[in-house]
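The values are calculated or read from the model by the stated rules, or taken from the named source; none is laboratory data. None of the values given here were measured: they were computed from a predicted structure. Note that we place each Cβ from the backbone using ideal geometry, even for glycine, and neighbour counts take in every protein chain shown.
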Ligand SMILES: Cc1cc2nc3c(=O)[nH]c(=O)nc-3n(C[C@H](O)[C@H](O)[C@H](O)COP(=O)(O)OP(=O)(O)OC[C@H]3O[C@@H](n4cnc5c(N)ncnc54)[C@H](O)[C@@H]3O)c2cc1C
C-alpha cells in the first residue's frame, strides 16, 4: 500500500493549487457579495484546459484521469465553491452524459466544445415534486414528427440561464415509471424553453440556480440522448462520479475553513496570548485536521476506484457524506474560532459555512447517501 501521490499527481495538484490561489481566490469574496456569475473564472479554466480534464483528447479534453479532475475540483472549491459547483456539474453530469451515452454526431457537436470550455453544460433532473425521488418526475415528452415536445418544470438547475446546453429528463409514459424517462439535449435558445428568476440562495451566491420552464418546447429528434425510456439509466450511471465530485468540493471547502482557522488561532491574542494556546481551540483544530485527512483518503480512494472501473457506489457515497458533513462542521467551527469576527461578512469563514451547507443537500442528500451505504453493506 502506498499513501503518497505519484510525481505526476503531485505536480497536477500543485498546478491546480497555484491556479486556484492566483486566478480564482482573489475575486471569490467579491463574487459572493455581488452574485456576479464567474464567467471570467470559467474562461480561465477553459484556457488552461481545465473544463474537460478527464475527457479524452480525441474529444477535446485534457485526457487526464478522474483523480486529476478531483484535485482540480478540490482546489477550485477551496478558493471559490461557486466556481467549483459549476465545474462539477459541467463535467461530471453535463459532459459525461454525452460522452457515455451520446451518438458520434452528438459527441462531435457538443463534447468537443464543452471539454474545450467553448460551451457550458448543465443538468436538469430535479422538479418541484421530484427531488430525492427523481424517478417521480412529471415533465412530459411526446414525439411530434421530427421533434420531441417537452412540457413541465425543472427546479434548482445549476448554471441555468448561463449554460449553452441542458441535459433534460422527461417522461414519455408515466405508467412505465422510471422506464418511461427519456433524456434530451436541449440547446439554450430552443423555442419553448424559458428560464425563471435566479434563486436567492444562502450560499454559492455566484453560481446561477434557476427554474427551467418547458412550454411546448420543440427539441429536434436528433437531440434524443440514448434511447427512448433509457433516461433514468443515464441519470443513474452518472451518480457515482457526480458524488465523488461533490465530495471533492466539500473537501476543498473544509480545507479552506481549516486553513483560515489555523491562521487566525495563531494570530488572535486574548488573555495576552494567541488563542491557539487554549486547549479548547487546540482540540477543535486537532479534530478538524484528523477528519480532513480521513475525508481526503475516502475521496481519493473513491476516485482511485473510478479510474480503474472498480465498483465505487459505496465508496462514492461514503466519501460524499463524510467530506460534505465535514465541510459543514469545519465551516461552523471556523466561525466559532473567529468569534464575533467570524459572524461578520468582512471575513471569509461565514462564506465557507454558507457554501458548505448545500453540499450536504445536492447530488443526493446525505440521508440518501447513508441509505446507499446501508444498502451496500447489508447486501
Ligand atoms: C444550489 C442547488 C443546486 C442544485 N443543482 C441542481 C442541478 O444542477 N440539477 C438538478 O437536477 N438538481 C439540482 N439541485 C437539486 C438537488 O439535487 C435536490 O435539492 C436534492 O436532490 C434534494 O431534493 P429536494 O430538495 O426535493 O428535497 P427532498 O427530496 O424533498 O428531501 C427533503 C428532506 O427529506 C429527506 N429525505 C427524502 N427522502 C428520504 C428518504 N427516503 N429517507 C430519508 N430521508 C429522506 C432528505 O434527505 C431531505 O432532508 C440543486 C439544489 C440546490 C439547492
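Hey, does the range 155-165 have a residue that's under 14 Å from residue 232 (Cβ atoms) and assigned by TED's automatic domain parsing to the domain that holds residue 195? I'd like the intermediate steps shown before the answer.
We begin by selecting, within the range 155-165, every residue under 14 Å from residue 232 (Cβ atoms); these are none.
Checked against the condition, which is being under 14 Å from residue 232 (Cβ atoms) and assigned by TED's automatic domain parsing to the domain that holds residue 195, the range 155-165 yields no hits at all.
How many residues does the range 28-48 hold that are assigned to a loop (DSSP other than H, G, I, E, B) and in contact (Cβ under 8 Å) with a residue 60 or more places away in the chain? Let's see the steps before the verdict.
Step one: list which residues in the range 28-48 are assigned to a loop (DSSP other than H, G, I, E, B), which gives 35-38, 48.
Imposing the further condition that a residue be in contact (Cβ under 8 Å) with a residue 60 or more places away in the chain reduces the set to 35-38.
So the answer is 4.
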Inset, instruction - Determine, yes or no, whether residue 132 is touching a residue at least 24 places away in the same chain (Cβ under 8 Å), within 13 Å of the ligand (Cβ to nearest atom), surrounded by 21 or more Cβ atoms within 10 Å (Cβ to Cβ) and in the same structural domain as residue 214 (by TED's automatic domain parsing). - result: no
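Yes/no per residue for (1) touching a strand residue (DSSP E or B) at 6+ places or on another chain (Cβ under 9 Å); (2) within 14 Å of the ligand (Cβ to nearest atom); (3) over 28 Å from residue 79 (Cα atoms):
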{"residue": "187", "(1), (2), (3)": "yes, no, yes"}
{"residue": "205", "(1), (2), (3)": "no, yes, no"}
{"residue": "209", "(1), (2), (3)": "yes, yes, no"}
{"residue": "213", "(1), (2), (3)": "yes, no, yes"}
{"residue": "218", "(1), (2), (3)": "yes, no, yes"}
{"residue": "223", "(1), (2), (3)": "yes, no, yes"}
{"residue": "226", "(1), (2), (3)": "yes, no, yes"}
Inset, instruction - May I ask you to verify whether residue 179 is closer than 18 Å to residue 238 by Cα, more than 13 Å from the ligand (Cβ to nearest atom) and either out of contact with any strand residue (DSSP E or B) (no Cβ under 7 Å at 6 or more places or on another chain) or assigned by TED's automatic domain parsing to the domain that holds residue 30 (or both)? - result: yes
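Return yes when residue 110 is farther than 14 Å from residue 53 by Cα, in contact with a helix residue (DSSP H, G or I) (Cβ under 7 Å, 6 or more places away or on another chain) and not assigned by TED's automatic domain parsing to the domain that holds residue 181 and no when it is not.
Numbers: farther than 14 Å from residue 53 by Cα: yes; in contact with a helix residue (DSSP H, G or I) (Cβ under 7 Å, 6 or more places away or on another chain): yes; not assigned by TED's automatic domain parsing to the domain that holds residue 181: yes.
In short, yes.
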Legend entry - Among residues of the range 343-379, those that are in a loop (DSSP other than H, G, I, E, B) and near the ligand (Cβ under 8 Å from one of its atoms), counted: 5
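When you look at residue 278, is it over 26 Å from residue 328 (Cα atoms), free of Cβ contacts under 8 Å to residues at least 24 places away in the same chain and not assigned by TED's automatic domain parsing to the domain that holds residue 178, yes or no?
On the way: over 26 Å from residue 328 (Cα atoms): no; free of Cβ contacts under 8 Å to residues at least 24 places away in the same chain: yes; not assigned by TED's automatic domain parsing to the domain that holds residue 178: yes.
Answer is no for this residue.
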Legend entry - Among residues of the range 100-129, those that are within 19 Å of the chain's Cα centre (by Cα), away from the ligand (no atom under 13 Å from the Cβ) and crowded, with 19+ Cβ neighbours inside 10 Å, counted: 5
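Could you count how many residues in the range 1-18 are surrounded by 18 or more Cβ atoms within 10 Å (Cβ to Cβ) and farther than 15 Å from residue 256 by Cβ? Outline the logic, then answer.
Taking the range 1-18 and keeping what is surrounded by 18 or more Cβ atoms within 10 Å (Cβ to Cβ), we get 12-13, 16.
Add one more test, that the residue is farther than 15 Å from residue 256 by Cβ, and what stays is 12-13.
Number satisfying all stated conditions: 2.
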Inset, instruction - For the range 304-321, name all the residues that are farther than 17 Å from residue 237 by Cβ and either in contact with a strand residue (DSSP E or B) (Cβ under 9 Å, 6 or more places away or on another chain) or crowded, with 22+ Cβ neighbours inside 10 Å (or both). - result: 318, 319, 321
